[in-house]
Amino acid sequence: MAAVSTPTRTVVLVGAESAGKTCLAAALAGRTGRPLNVAGATTALESFDDGDVRYVDSPGLVRHLDTATTATTLQALRDRADDVLLLVVRATDLDGDLAVLLPLAAGRHAVVAVTHWDRVATTAHAPAALSTLRAHLGVPVVALDARRRGPALADLRTAIDAAAPLPALPAVPRIGWRVQPAPGLLERPLVGPPLALMALLGPAAGVVAAAVALAGRLDPVVTQALTPLAAAADRLPPVAAAVVAGDYGLLTMGPLLLVWAAPVVLALAALLGVLKASGLLDRLASAVDPLLRPVGLGGRDLVRVVAGFGCNVPAVVSTRSCATCSRDATVGAIAFGSACSYQLGATVAVLSAAGRPGLVLPYLGLLLTGMLVHARLLARRSPARHLDIALLSGRAFLTRPRWVDVRREMGGVLRHVGLRALPVFALITVMAAVLAVTGLLDVLARSLSPLLAALRLPGEAALPVVLASVRKDGLLLLAEPDVAAAMDGAQLLAALVLAGALLPCLVTALTIARERGRRVAARLVTRQAALALVLAATISWIGPVVVR
């Protein structure tokens, strides 16, 4: 077995968001790598090893915004003072990118890679621009043409070997151009925002509906295949039997993860991957931004909320690249309004079992309303918020998405689910099964009965609310015949909203505490619970007038 070589030198890639750092690091290393991309931004340092060279991809620097990802990159620059810096700049905005990166790299050994060169290569001044950069900076400068990547990568590897130190106070050369595509419908003030909102939410709703339909066909097949295993588990000791095949056991609730959750997660990850790789995601986020500012969110934040419908965990982690003044609002919007694949699949199953599938759209509308209110309550009023406009003013080029980029986006989301959500899912399953066997789950449910009575909800809804607060598939118990029959349409909607939004699921709550700290997590959860109670009470008491 051949020995695996240990990298002896490190190259750190630094640049703006969407400059192409992740793809470049993977291409230099000759492999797909394991980047942590969620909803359009690398959120942590990632390594790509190639023999004796380690390429470190850093989160994109977002000009004018104080984001956690920008802080991560700046800290990496301080910690890796002896490493070579590969400054990745966009040919379409050379002056802007260099103005940000050169002061950070002053005095360091560096190389400049100019991506998207094919966008400007045919202009008369392009060759002179490269000569100007080399003369001013005194370091190797390599232009990367997407259509001829192979020779350019070889030149870039040679340039890295010849990296030279930048001046201690580098002069920022002025190339004098900024290339952007011509404005279209999305850039029109009155037409663009609603069109962008429909273009983002419409396909998301479509792929979720298709994934849920597929899950509905797979569920009976998978359940039938697991029936012999569940029957064999009855011979185990009581607690072990409950954990394996009880009402909340691994074989009982596991199919919901594989059948109902996985298709939704994959479908949304693929959609966002296509939108990102094509450049359309940036255009949509920019266009929809004015609609969300009144509630303290931006267009980039909405992308993360949509990603949360697949899984809340990677969506919450991706808020590292949100502005400080909007991050808590975005996390709150995800926790309240992003009905994850568990929650969405279970809700559809409950409404179908109750003979009220038409209430799916009202349910999502209520979650949207609560999400906007919750975001407004959590948003910070900051004079820095207007700086987001500078970030979103540029127009991204549209291009044909490559499968390798879409696959990388999907892989990042699935790794999040596998590494973060699955272990906690298994732990919660075991805990719920043990609580059910010992009777403690019924005690918790009975303690909620007085509160539910005040909300005009039957006591039978208590157990689903308790379980859904731990794991969102717990609201499936609302589909039990005795429970569904005890409620009218308004009560059923109120119970679904309460079970789905009273608290984030335990996996999401732990992720929020890890990302934002316990104090922020406690404040978010408290406000979410209060808002969910108010919304559920409003639906239950006033709903009978409009819901029949």
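Data table
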read-out: Residue within the stretch 425-448 that is open to solvent by 30 Å² or more (accessible area, probe 1.4 Å), in contact (Cβ under 8 Å) with a residue 40 or more places away in the chain and either more than 23 Å from Val239 (Cβ to Cβ) or in contact with a His (Cβ under 8 Å, 6 or more places away or on another chain) (or both) present; value: no
read-out: Wholly enclosed strands (runs of 3 or more DSSP E) of the stretch 1-108 bearing at least 1 residues modelled with pLDDT of 85 or more; value: 9-15, 53-57, 84-90
read-out: Residue check for Ala182: assigned to a loop (DSSP other than H, G, I, E, B) and either of a type in the set (Gly, Ala, Ser) or open to solvent by less than 30 Å² (accessible area, probe 1.4 Å) (or both); value: yes
read-out: Residue in the stretch 529-537 that is within 21 Å of Gly310 (Cβ to Cβ) and either in contact with a strand residue (DSSP E or B) (Cβ under 8 Å, 6 or more places away or on another chain) or crowded, with 23+ Cβ neighbours inside 10 Å (or both) present; value: no
read-out: Neighbours by Cβ (under 6 Å, 6+ apart or cross-chain): first from the stretch 481-503, open to solvent by 10 Å² or more (accessible area, probe 1.4 Å); second among the small types (Gly, Ala, Ser); value: Ala484/Ala354; Gln491/Ser540; Leu502/Ser469; Leu502/Ala529; Leu502/Ala532; Leu503/Ser469
read-out: Neighbours by Cβ (under 8 Å, 6+ apart or cross-chain): first from the stretch 14-33, over 21 Å from Leu101 (Cα atoms) and open to solvent by 10 Å² or more (accessible area, probe 1.4 Å); second modelled with pLDDT of 80 or more and part of a helix (DSSP H, G or I); value: Ala27/Leu153; Thr32/Ala26; Thr32/Arg407; Gly33/Thr22; Gly33/Ala25; Gly33/Ala26
read-out: Among the residues listed as Ala245, Ala196, Ala204, the single one being in contact with a Lys or Arg (Cβ under 8 Å, 6 or more places away or on another chain), surrounded by 17 or more Cβ atoms within 10 Å (Cβ to Cβ) and not acidic (Asp, Glu); value: Ala196
read-out: Check on Pro238, under 21 Å from the mean Cα position of the chain (by Cα) and either closer than 20 Å to Ala436 by Cα or in contact (Cβ under 8 Å) with a residue 12 or more places away in the chain (or both); value: no
read-out: Given (1) surrounded by fewer than 23 Cβ atoms within 10 Å (Cβ to Cβ); (2) under 30 Å from Ala19 (Cβ atoms); (3) among the acidic types (Asp, Glu), index of the condition Glu409 fails; value: (1)
read-out: Residues within the stretch 511-528 that are open to solvent by 20 Å² or more (accessible area, probe 1.4 Å), among the aliphatic types (A, V, I, L, M) and in contact with a helix residue (DSSP H, G or I) (Cβ under 7 Å, 6 or more places away or on another chain), tallied; value: 3
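The values are calculated or read from the model by the stated rules, or taken from the named source; none is laboratory data. The structure presented is a predicted model; accordingly, all values stated were derived computationally and were not measured. Glycine also receives a Cβ, built like all others from the backbone with ideal geometry; neighbour counts cover every protein chain displayed. Surface accessibility is based on the protein's heavy atoms, side chains included, excluding ligands, DNA and RNA. Shrake-Rupley method; radii C 1.70, N 1.55, O 1.52, S 1.80 Å.
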